[in-house]
1. Of all the Cα-Cα pairs you can form in the protein assembly as shown, what percent are over 35 Å apart?
2. Please state the relative contact order of chain D as a whole percent: Cα pairs under 8 Å, 6+ residues apart?
3. Place a point 7 Å from the Cα of residue F:50 along the Cα-to-Cβ direction; which residues of the stretch F:18-32 have their backbone N under 13 Å from it?
4. Taking chain D as the region of interest, what is the percent of Cα-Cα pairs per 10 angstrom bin, listed from the shortest bin to the one with the maximum distance?
5. Within the protein assembly as shown, what percent of beta bridges assigned by DSSP are antiparallel, to the nearest 5?
6. Can you list the residues of the stretch C:9-35 with backbone N under 20 Å from a point 7 Å past the Cα of residue D:5, pointing along Cα to Cβ?
7. So how do D:57, F:6 line up by other beta-carbon neighbours within 10 Å, fewest first?
8. For the stretch D:3-76 and the stretch B:3-76, what is the separation of their C-alpha centers, rounded to whole Å?
């Protein structure tokens, strides 16, 4: 079985790396992916909240509830 | 198995500490994390509700229903 | 196992006492907590509906469906 | 085990009696509680739909889907 | 066990009869109840869509997804 | 057991035929029903997206997620 | 059993090919389908976000949460 056939496997490859998370309320968070689960609940470390590309808040560790998440992508 | 691989493990590390919870209706609550479950239902002690960074209400113990929560982070 | 580790245990401590329930539609209800379940469906006795801190309706016994609830706290 | 410890037990006490049901779309229905289930799907007999306290429609038997319900209370 | 104790039993009594279904988007459909399931997915035959009491469309057989339904009642 | 007692059985009779699907966002799709499942996820072939009765886009094969669907009906 | 009877089978035929995904927030993503699951969580490679047919962002690998997705179709 190929290790990347499932979305969570692909997400697992970002563990420990910086990712960008976009929420349904249009907020954007960039941080290091520390943990996630099957509900796509996500924990980030060293997190920044962005608004129009500008850092709005620095939040350290953040737990984001999965059902508020639209999109996850490696941070540039 | 590493103890912080799952989001709820990370949340567990905040037990007894002050955290900030943001809801879908944009309200913010800061209190001491007393309990949580897999639905991310959360109970806080010594809770303050904030609006634009100002304390709006002091609520003591508060039960917050998980499906209204967007974000949980250690309080600064 | 400590009896207050889970949110429903904390809620259980309010059984028979007056609590305040806030809904997603911004309505507030104060009444004596008679019953609740894992969906956070709640039954209150001697219930008052409040609007801007004023009593709007007296409703006696009220069943509130859990998925409309944001917050539960002991009534002041 | 006390018979009213659970919200559905409390609801069961209204079986055959007139109740008021409020929906998320702000509509109000008053009728005799004929049946309900764990999803809080509700069937009323001799139902009236109210708007601002005035009867808007008489509907006879009505099935109300649980996830649209906010509140159930004995009708005055 | 009484045959009408549960909401789906009451709905079953309308099988083959004309019913009115109201959706969350305020649309109204009247047709002959052909089939339903525990999700309250509903199939109607000889269906008319109404707007302000006027027939807007004739649709023949219609499958309505349960989670869009607010209310079902015998058609007058 | 009658083969059309359940909504999915009725839907099954449209397999291979042109159907109209209306979504919660008011978009309309007409195409040949290729596949569906218990979540009412639907796959159409030779699909047209309509707006006010006019063809807006031709999309070939389309997967529509069930929870966005309000209504399915045979296409006229 | 025919291999395309179920929506996920049809989706599986797009694996490795470029697809277009439309979200509830009206955003459009085009990328190579790398992975999906029963929740319709989707992972795309070489992803472009489009607005009014124009490329707005290039995102590389993207995880899209299933409950935000309306429609998936082969990209033209």
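Every number in this text was worked out from the coordinates using simple rules, so none of it is lab data. Nothing here was measured: the structure is a model prediction, and the numbers come from that model. Cβ placement follows ideal geometry from the backbone for every residue including glycine, while neighbour counts extend to all protein chains displayed.
1. Working: 62950 of 141246 pairs.
Every Cα pair in the protein assembly as shown considered, those over 35 Å come to 45 percent.
2. Numbers: 146 pairs, mean separation 22.4, N = 76.
Once divided by the residue count of chain D, the mean separation gives 29 percent.
3. Once the point is set 7 Å along Cα→Cβ of residue F:50, F:18-23, F:27-32 turn out to lie under 13 Å by backbone N, inside the stretch F:18-32.
4. Spelled out per bin, shortest first, that is 20, 56, 20, 4, 0.
5. On the way: 189 of 189 bridges.
Percent antiparallel among DSSP bridges in the protein assembly as shown is about 100.
6. Taking a point 7 Å out along Cα→Cβ of residue D:5, the residues of the stretch C:9-35 whose backbone N falls under 20 Å are C:9-18, C:32-35.
7. Numbers: D:57 14, F:6 18.
With the sparsest Cβ surroundings first, the list reads D:57, F:6.
8. 34
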